[in-house]
Ligand code: SF4
Ligand code: SF4
């Protein structure tokens with residue numbers, strides 16, 4: 001995950017300026033035979049829960065955290081403030097699992 | 001038996017050809033010739049059927065998979081089928097142009113083998129001059145391409161003293177993962193067992209070194225460790241159970257529950273040239289022979305571990321007892337368990353019998 005440098009004194013972008021990326025060799029793959037999606041990584045795979053999957057589907061290496069929050073807010077017709085903390089935690093968790101990159 | 005679960009991973013043994021001659025090679029002792037190998041189109045069909053059947057992961061292996069002139073097309077076919085592809089290579093045929101084309105074709109991960117840490121040892125074990133330098137260059141090419149790199153070090157009696165240096169190489173070459181895999185004894189390795197089996201003391205040192213390196217390099221290098229059966233009291237859950245998670249296709253199209261399954265004399269395997277992959281997986285005698293637990297004789301029958309280790313390895317049971325349905329002698333409860341200790345006691349041969357086409 002890369003942090004865009006924010007010039008000191010300027011207001012950070014609402015909703016977070018972090019751009020999450022899949023780590024090398026990690027990708028989200030459809031498991032058609034079992035009707036689910038799997039995170040594939042070198043020599044391992046794991047099953048994201050529904051919330052993690054919603055977030056992972058929006059990770060494209062260009063969207064920042066704020067954009068992901070906004071899209072999810074729209075999709076679930078929920079206020080962005082309610083979603084923001086969940087997304088931040090989810091991203092931290094996915095980084096710890098090695099699915100996403102810092 | 002309950003409904004047959006779909007497989008998760010396919011091992012595609014694209015060819016038996018390889019510039020190296022490792023004495024523990026997992027290929028069968030009777031190697032397939034180039035003219036008998038499946039075509040590009042046949043592999044593409046296998047990949048599509050594997051994905052439809054439920055496979056997520058594909059190991060492109062051999063022999064040396066890059067010895068196939070169509071390795072790029074094969075990789076592209078894997079991606080097109082929606083499989084996560086892992087190239088298992090000795091690295092000696094890799095160059096910058098090929099690496100770039102493989103990345104473009106959608107390759108996901110590279111696993112590079114090393115035979116030893118020092119050049120002389122690596123040349124003696126792999127049987128190829130100049131291999132180590134080519135491997136170092138291959139690692140650099142993988143790194144530069146952005147793909148994740150796993151180093152695979154097969155360890156045994158004649159290179160275990162270099163384990164610390166093998167771990168250093170993994171760090172120097174920029175691998176994210178290192179597999180320290182003790183030799184498994186069937187095929188060529190069984191023929192070389194006396195030269196390869198480690199002593200108990202060697203094994204204990206190796207296990208300690210791996211544990212120390214794991215904590216020393218946490219966050220930088222993941223180390224997977226495969227222990228040798230010959231010093232064990234419980235067998236491995238070979239392939240996660242026969243016909244349960246895994247299938248292999250040989251260079252000439254045989255569909256196998258394990259890459260070593262052809263060592264079981266008398267067993268007949270379906271071939272994708274006259275069977276669909278699904279029929280092979282669900283309907284063939286070979287895949288159903290040791291599926292689940294119903295086939296198990298005592299002491300496996302009714303054992304609390306039966307659905308954890310699935311009775312161990314069928315190929316090892318056959319190799320050591322002559323009966324593929326016997327409990328794996330790696331299990332302390334097997335009446336043949338003593339064979340392993342006897343083999344360890346006898347080991348100590350220095351010379352290798354190199355793999356070769358007969
Ligand atoms: S084990 Fe050695 S000889 Fe066998 S395919 Fe791998 S590199 Fe080649
Ligand atoms: S008896 Fe069979 S099932 Fe029980 S631990 Fe040994 S190999 Fe496994």
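Please report the relative contact order for chain B, taking Cα pairs under 8 Å with a sequence separation of at least 6, and give it as a percent rounded to a whole number.
In percent, rounded to a whole number, it is 20.
Where in the range B:198-221 does the amide nitrogen come within less than 20 Å of the point 7 Å from the Cα of residue A:46, taken along Cα to Cβ?
Counting only backbone N, you get B:214-215, B:217-221.
In Å and whole numbers, how far do the C-alpha atoms of the protein assembly as shown stretch along each principal axis, longest first?
Its Cα atoms span 74, 51, 45 Å along the three principal axes.
Could you tell me how far the Cα centroid of the range B:182-243 sits from the Cα centroid of the range B:72-126, in Å?
The two parts, judged by their Cα centres, are 23 Å apart.
I need to check one value: relative contact order of the range B:41-113, counting alpha carbon pairs closer than 8 Å and at least 6 residues apart, in percent.
After rounding, I find 35 percent.
Counting each DSSP H run of 4 or more residues in chain B as -39500 (n - 2.57), what helix-only mean residue ellipticity at 222 nm follows after dividing by all residues, to the nearest 500 deg cm²/dmol?
Computed mean residue ellipticity for chain B: -10000 deg cm²/dmol.
Efficiency by 1/(1 + (r/R0)^6): what FRET value for residue A:95 and residue B:95, r their Cβ-Cβ distance, R0 = 30 Å, to the nearest 0.05?
0.30
Let me have the relative contact order for the range B:1-88, percent, based on Cα pairs under 8 Å that are six or more residues apart.
Relative contact order for the range B:1-88 comes out at 41 percent.
Which residues in the range B:234-252 place their backbone N less than 18 Å from a point set 7 Å from the Cα of residue B:4 along the Cα-to-Cβ direction?
B:239-250
I want the antiparallel fraction of DSSP beta bridges within the protein assembly as shown, as a percent rounded to 5.
So the antiparallel bridges amount to about 30 percent of the total.
FYI, it's all coordinate maths here, none of it is from the lab. For clarity, every value in this text was computed on a predicted model and none was experimentally measured. Neighbour counts are summed over all protein chains in view; Cβ atoms, including those assigned to glycine, are modelled from backbone coordinates with ideal geometry.
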